[in-house]
1. Looking at Asp198, Asp211 in this structure, which one is without any contact (Cβ under 8 Å) to a residue 40 or more places away in the chain, surrounded by 13 or more Cβ atoms within 10 Å (Cβ to Cβ) and farther than 19 Å from Leu91 by Cα?
2. Can you tell me which of (1) touching a helix residue (DSSP H, G or I) at 6+ places or on another chain (Cβ under 7 Å); (2) open to solvent by 60 Å² or more (accessible area, probe 1.4 Å) is the one Arg206 doesn't meet?
3. Mind checking which residues of segment 81-93 are open to solvent by 20 Å² or more (accessible area, probe 1.4 Å) and touching a Cys at 6+ places or on another chain (Cβ under 7 Å)?
4. Report, by residue number, each residue of segment 104-118 that is surrounded by fewer than 16 Cβ atoms within 10 Å (Cβ to Cβ), modelled with pLDDT of 85 or more and not charged (D, E, K, R).
5. Would you mention how many residues in segment 166-177 are part of a helix (DSSP H, G or I) and in contact with a Phe, Trp or Tyr (Cβ under 8 Å, 6 or more places away or on another chain)?
Amino acid sequence: MSNVLIIEDDNMLGDTLSLYLTGEGYNVTRVTQATKGITQLDIVQPDIILLDLLLPDLDGINPCPLIRRHTDVPIIVISSENNISERIRTLTLGADDYICKPFSMQELKARIEALFRRIEITRLQGKGLTPEAESETDIVLDLARRMITVNGQIVEMTFSEFEIMKLFYLNRGIVFSRYALIQALRGTDSFINERAVDVHINHLRRKIEQDPKKPKLIRTIWGIGYKFMQ
């Protein structure tokens, strides 16, 4: 049974998370401050941390670097801040995933399980075991020249396709809902909606997948969205 440490000062959300994850079979401990979360690390020995981005004892300071100094346990940040630059910044500061409020409990569970799968793959690789290769496709993204190559060949992409691919490339293995992709493109593609996102994904698969009908790079996470697996 896995241990979950929730650092969340919103009592309604904190109680909801605790009840749901306990019902799903997790051992759950919840605190309301970053400093209290740090004191619980040795006691709880969490397998994963759910971390609110704004906590009362840090006066608006991003808590990821502080938590990361004390543990390498996977961190999923939960925040009402859906600005893409803040999400990317938080990931670079030590978070392993980022989920925007409001969200469904099912999506959160899927993200937790995805992180645990990644940890298991890393563990197997550390023992010299090799999981089945996802794909032999070599993709390189050049941000400065806004260029993508697939197996050494330049692939032409529309502005929106490149923006989606950039988001995937910089956040490999992270599940993005259609809503998150729409928010990422708002301001650059005024016609973006869920249907348009699916169309862009289909176009991307035709351009980068060995078999677009059986995609191994851009995976569909049913009921949630997509993630990039390279």
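The values are calculated or read from the model by the stated rules, or taken from the named source; none is laboratory data. These numbers were taken from a predicted model, which means no experiment stands behind them. Cβ: placed from backbone, ideal geometry, glycine included. Neighbour counts: every protein chain shown. Ligands, DNA and RNA are stripped out before the accessible areas are found, and what is left, the full protein with its side chains, is counted by its heavy atoms. Shrake-Rupley method; radii C 1.70, N 1.55, O 1.52, S 1.80 Å.
1. Residue meeting the stated conditions: Asp198.
2. Exception for Arg206: condition (1).
3. Residues satisfying the conditions are Asn82, Leu93.
4. Within segment 104-118, Ser104, Met105, Gln106 meet the criteria.
5. As a first pass, look at segment 166-177 and keep what is part of a helix (DSSP H, G or I): 166-170.
Imposing the further condition that a residue be in contact with a Phe, Trp or Tyr (Cβ under 8 Å, 6 or more places away or on another chain) reduces the set to 167-169.
The qualifying residues number 3.
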